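Before any comments, here is the structure.
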Amino acid sequence: MKKRNILLPMMALSLCFGLAACKPAEGQQSASQPGSQASVPAKETIKVTAAGDKKTIAIEETLQLTASVEGVTWASSDAKVATVDQTGKVTAVGAGEVAITASKEGYYKGSITLTVNRGQALATLHMEDADHYAADGWWGSAEDGYQPVYDRADSNASDAKCIAHFDAGDKETLTFNSSAAINAELVLTMASSSAIEDMSAVMSIKLNDAAITLAGGFEGGSSSEFGEYSLGTQNLKSGDNVLLIEFLASGPYLDDLAFYSKQQATIQVKAAPAKEQIQLAATSIAAYIDTESQIQISKPTSLEGVSFVSDKVDVASVNEQGKVTGHKLGTANITVKKDGWYSARLEVVVDKAGVEGEIRVQAEDAAEIPEGFHQYTDRTTGIQNGHYGGAYITGYDVNSECSLSYTFESTKDQYMELIIAGASHYQMAEDFVFGVDCTLKLNSKTITCKDGAKIESNQVMGAPTVEVSIGIVQVKQGTNTFVIEFAERAPALDAFRFIPASDN
């Protein structure tokens, strides 16, 4: 036992001496520690330079690159923009940016970013010189009176004009003459308010009846910001060439078509024959169910060769003479066409015909529309089925007491039935009962509402308008004031009809 006790301290002492022998002297470093002269030397970064320090080249141009060390391997980040061989010679292929990299074992990679542009266009043609054909005969927008060319003076369109508002089935044909048969890259300048992921799903393009393959998408983002979209290198024939664009879905605005080629030729547009615009006496008319309304045309002066097409024949139909018949409440568009003319479009609002002596007050004509109510000036949102006129108001944000006030004229003192046309909305969870959820007053006197005078809950957008009979009221000769006072909720309101009562 004693020997064991002596040996243990001696072993510990020996261990201490051993550690001391391994520790480097002051001022020295271990070879395994950072900073040791035996550490791996830092890598050198390869430096890449271009002849003439060029950073921009044109398609088909070549550029020699040099690396700061020999024996590097060259690579391109995008062979569709530029390729590089193992001597460092770059060949530009397509427009865009590309990174050319030099690498070698034992060195950090070096790279240079180059921009490839198309150079000077051989020719640039304006797309508004095309035929302007649409399946429904319409071109342009409501703001420009349905003119064939859309005015883009506030945008970066090349000549402040472009053609726009394409839908599925629309077509555009541009004819141009080339003085020689050449190969050229065709580039469309266009704009879109949203990104197009796959251009081939939006339009089909043919050149001289040969289909052009559309690759990739278009970034888009604003209809005022035009960008380029390449149709690839195509074969142009000597003489007339025809580019046909057919739209498979709503398409982008089209500005210009540019041609890029190293070959020489003169390319000139063959503008579509000038056309006159059909002019209508009005851009919208009112029609009534089972009654006829006549479309008035200012130009041309004869109906010969003029045709009329309704986009919703169940709402309103039209005959060869331009007489419109309403079939149900709603809105339809009538397109007026004639060969050799730009077409025109007419909106038809089908309403209920008023009865004799009726006084109708539109809900949106309130003296003031209070907070919580929202006015809609067309039929594209909310109650679209069966409401009067082109606008209405809806109270889906009403959360406090508020009122609507109206004035109307009567030619005599009379008893009239008050009918309110309105609808439910998506926030109306319970039936709206007149006389309970609101108070109605005519000339400061409270109106007693019929039992069951209500708008039933229908929590959807686009609920149909219903007519609710409130009861018989007394109207005075001259100016009358009608007020509705709401208690924290309200329906959508369309019109108030005062119809002469049978006992007048």
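Semi-axis lengths, largest first, of the ellipsoid equivalent to the stretch 271-425 are 37, 19, 14 Å, with √(5λ) applied to each eigenvalue of the Cα gyration tensor. Among the aspartates and glutamates, which fall within straight-line cross-link reach of residue 412, defined as a Cα-Cα distance under 20 Å, with same-chain neighbours fewer than 8 residues apart omitted? Of all the aspartates and glutamates, those that pass the test against residue 412 - Cα under 20 Å, at least 8 places apart if same chain - are 356, 358, 503.
Projected onto their three principal axes, the Cα atoms of the stretch 241-358 cover extents of 78, 32, 20 Å, largest first. When the C-alpha to C-alpha distance is required to be over 19 Å, the pairs from 299/323; 270/337; 161/206; 80/109; 237/270 that qualify are 270/337; 161/206; 80/109.
Solvent-accessible area per residue in the stretch 334-380 equals 51 Å², computed with a 1.4 angstrom probe and all protein chains kept. Cross-link reach is defined here as a Cα-Cα straight distance under 19 Å, omitting same-chain residues fewer than 8 places apart; for residue 338 the aspartates and glutamates meeting it are 131, 136, 170, 172, 276, 304, 311, 320, 347. The residues neighbouring residue 246, those whose beta-carbon lies less than 12 Å from its own, together hold a net charge of -1 under the Lys/Arg +1, Asp/Glu -1 convention. Rolling a 1.4 Å probe over the protein heavy atoms of the stretch 422-492, with every protein chain left in place, gives an accessible area that is 44 percent carbon and sulfur.
Net charge in the neighbourhood of residue 500 (other residues with Cβ under 9 Å of its Cβ; Lys, Arg +1, Asp, Glu -1) is -3. Count Lys and Arg as plus one, Asp and Glu as minus one, and take only other residues whose Cβ is under 10 Å from that of residue 427; the net charge is then 0. Using C-alpha pairs under 8 Å with a sequence gap of at least 6, the mean separation divided by the residue count of the stretch 208-327 gives a relative contact order of 18 percent.
Ordering of 432-443, 204-215 by packing is 432-443, 204-215, highest average first (other Cβ atoms within 10 Å, averaged per residue).
Expressed as a rounded percentage, what relative contact order does the stretch 401-464 have, with Cα pairs under 8 Å and six or more residues apart? For the stretch 401-464, the relative contact order is 41 percent.
The values are calculated or read from the model by the stated rules, or taken from the named source; none is laboratory data. All figures in this text were calculated on a predicted structure; none of them were measured in a lab. Glycine gets a Cβ as well: all are built from the backbone with ideal geometry, and neighbour counts include every protein chain shown. Each accessible area value is taken on the protein alone, full model and side chains, heavy atoms only, with ligands, DNA and RNA left out. Shrake-Rupley method; radii C 1.70, N 1.55, O 1.52, S 1.80 Å.
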